[in-house]
Amino acid sequence: MAETILDSDEPDPVTFDNEAGRSVFFLTCDHAGRAIPRRLDRLGLPDHETRRHIAWDIGIGGVGRRLSQLLDATVILQTYSRLVIDCNPKVPSSIPEISETTEIPGNLGLTEAARTARTNAIFRPYHDTIAAALDRRAAADRAAVLVALHSFTPVFKGVARPWHAAVLYNRDARLALPLFELLNAEDGLVVGNNEPYRVTDLTDFTVPVHGERRGLPHVEIEIRQDQITDSAGQAAWAERLARVLPAAYAEFLCR
């Protein structure tokens, strides 16, 4: 019998809201949640570690939900912590033994069966939900613009990050660059262009698989976590993105 990690009373790995939304935008939040399956005993971590940025993208779930409302857009969010399995990359580090400088005891020495159980319980349902929703859109001849939402820590391994937000892309920058220009023109914002991260086939799954392979317009957006720790900051960023994303898409259509 295949190993299982989720009990029947635990949350579904995917939250899927507003599929019937009229907007062209299709929002994802790969690291929205920080839940850890009961059977994994908090991965051997004290509670405060599961509240840090190593466990989730702080604030991005609130931004995604509010942006979904403002745009009338579909949003799909992951429930479980990226320390259980990261739903963006599919590489060995997707189940990290060390995150930043913190050892994750519950991830040490995992068997292949244990890794597969996490993939089957959390990673696959999340990405299967995204794929099926995009398939239904295509079958209905509805356009889709993939927007992958993330957040990043203000300080990483002791180094401060000056950017308030960042726009990331891989092979196709046709939507990302107009969005970068629009955000960079906002008063007081410092915006990264493919920094502090960039999208690659190795480090990312959502954009390369659901965006690039389908030929969809797409962009990954990162927001610094101190900008969105509370509901006011989340609302402010959602309102900003609800204003600039349609403008960037209009420029994309003209290119």
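The values are calculated or read from the model by the stated rules, or taken from the named source; none is laboratory data. None of the values given here were measured: they were computed from a predicted structure. Don't worry about glycine lacking a Cβ; one is built from the backbone with ideal geometry, like all the others, and counts go over all protein chains shown. When the accessible area is computed, the model is the full protein with side chains, heavy atoms only, and any ligands, DNA or RNA have been set aside. Shrake-Rupley method; radii C 1.70, N 1.55, O 1.52, S 1.80 Å.
Structural remarks
- In summary, the range 143-248 shows an alpha-carbon radius of gyration equal to 1.04 times the 2.2 N^0.38 Å reference for compact globular proteins.
- Relative to its residue count, the chain spans a Cα convex hull of 130 Å³ per residue.
- Dipole magnitude (debye, nearest 20) for the range 105-206, charges at Cβ of Lys, Arg, Asp, Glu: 300
- Solvent-accessible heavy-atom area per residue, rounded to whole Å², over the range 47-158 at 1.4 Å: 39
- For the range 1-149: rounded, prolate or oblate by the Cα gyration tensor [a/c cutoff 1.5]: prolate
- Set of the range 111-137 residues, backbone N closer than 14 Å to the point 7 Å along the Cα-Cβ line of THR4: 117-118, 120-122
- The chain, accessible surface, carbon-and-sulfur percent (1.4 angstrom probe): 51
- For the chain, the Cβ-based charge dipole about the Cα centre amounts to some 340 debye (Lys, Arg positive; Asp, Glu negative; other atoms uncharged).
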